[in-house]
Amino acid sequence: MSVFAVTAVTDRTVYLLSFVLSFVSVWGTETYHDTMERQCGGIIQLTSLPTQSLVLVLTEQIEYKPRYDCQVTVVASEEARIFLSFLELDIPSFDACVDDFLLIADSEPLLEHALRFQDSKVRRYCGTVRPKPMTTTGNNVSIHFVSDANLNGKGFSILLTAFHKAKCDEEEFRCKNDRCIDIRLKCDDYDNCGDGSDNCDIPVYIITGIAVASSLSLLAGLFLVVVIRYRCQQKQFESEENTHEDHTYESSTQIHSIVVDPVRCEAVARSVSSFLSSLVQVPTFPQTLVPRPPYLPGLPCRNTRLVST
């Protein structure tokens, strides 16, 4: 007998649900992580990474190896520059960074003489105090680490982010310092801009939790709408089959009792639709992130309809 009317949800409700799900996948995307041990002797192309941003750590081990010598070069696109920010530094050294040390060369290859002599284009780091962030003058940076046989530490963790100062496109975020970075780096718990303008006041895990909870609430509400509409249709069908008979519908559930009357059924459908639309406010983020989904047609139950708010 019955036809199960599954979809007759308002256009606004579907749009809000689509936004929440897209929000989880777009905002707060994790920055790519890699180790210098794995990339030793190689070149890391930031353009090959989803967000052109990288957290480079020396090793996954508790301490780095003794007598370790490794170099990695990080390259961005031709017109881009690279912002470097130290997240952690733990390189024990007793004598002016000559035992264990980290060398960073701004847009220049690390030559052998840089290991022995002072070079204005090469910066040498050791100790446990995080250095100030730096920005390359070109589109590449060379990183070289050397350790001796004595004390070892954790090493380092460096955030590298490609940026440019031309006009930002729709998939980029403009920092307050006019740098353009990938929009997915916003709210990722890292200062990719260099001025903190891409950070959120609320931690990303809280934002994600709110978005997931909202999605589950919307799904539960949509299921409730389907149940109500199905009961509406079923009761209307039974009512027409028994037009000339005296009968009384009884039920132990609230939904069963309130949908017998077509007028009350429509009122309930209207209220649930309004409630779903108010669960998530239309955000102020760029609308280009989430395209407006098409209306989902469905078979409405007799004498009832859902009304968009």
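What are the residues in region 134-165 that are within 20 Å of Pro50 (Cα to Cα) and surrounded by fewer than 15 Cβ atoms within 10 Å (Cβ to Cβ), if any?
Step one: of region 134-165, the residues within 20 Å of Pro50 (Cα to Cα) are 139-141, 157-165.
Of everything in region 134-165, just one residue is within 20 Å of Pro50 (Cα to Cα) and surrounded by fewer than 15 Cβ atoms within 10 Å (Cβ to Cβ), namely Lys165.
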Step by step: first the residues of region 65-96, then only those that are assigned to a loop (DSSP other than H, G, I, E, B) and in contact with an Asp or Glu (Cβ under 8 Å, 6 or more places away or on another chain), then the one that is surrounded by the fewest Cβ atoms within 10 Å (Cβ to Cβ). Which residue is that? Arg67
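Tell me whether region 83-93 contains one or more residues that are at pLDDT below 95 and acidic (Asp, Glu). Spell out how you get there, then give the answer.
Initially, region 83-93 is screened for residues at pLDDT below 95, giving 92-93.
Subset that is acidic (Asp, Glu): none.
Scanning region 83-93, I find no residue that is at pLDDT below 95 and acidic (Asp, Glu), so the answer is no.
Residue by residue, here is whether (1) within 18 Å of Leu84 (Cα to Cα); (2) within 17 Å of the chain's Cα centre (by Cα); (3) among the basic types (Lys, Arg); (4) at pLDDT 95 or above holds:
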{"position": "Ala166", "(1), (2), (3), (4)": "no, no, no, no"}
{"position": "Lys176", "(1), (2), (3), (4)": "yes, no, yes, yes"}
{"position": "Arg179", "(1), (2), (3), (4)": "yes, no, yes, yes"}
{"position": "Asp182", "(1), (2), (3), (4)": "yes, yes, no, yes"}
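Of the residues Asp119, Asp189, Asp148, which is in contact with a helix residue (DSSP H, G or I) (Cβ under 6 Å, 6 or more places away or on another chain), at pLDDT below 95 and not hydroxyl-bearing (Ser, Thr, Tyr)?
Residue meeting the stated conditions: Asp189.
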Report, by residue number, each residue of region 138-189 that is of a type in the set (Gly, Ala, Ser) and farther than 24 Å from Gly42 by Cβ. Ala149, Ala166
Suppose we keep only residues that are among the aliphatic types (A, V, I, L, M) and part of a strand (DSSP E or B) within region 154-199. Which one would you say is farthest from Glu88 (Cα to Cα)? Ile181
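The values are calculated or read from the model by the stated rules, or taken from the named source; none is laboratory data. Keep in mind that what you see is a predicted model, and the values were worked out from it rather than measured. So basically every Cβ, Gly included, is an ideal-geometry build from the backbone, and we count neighbours across all protein chains shown.
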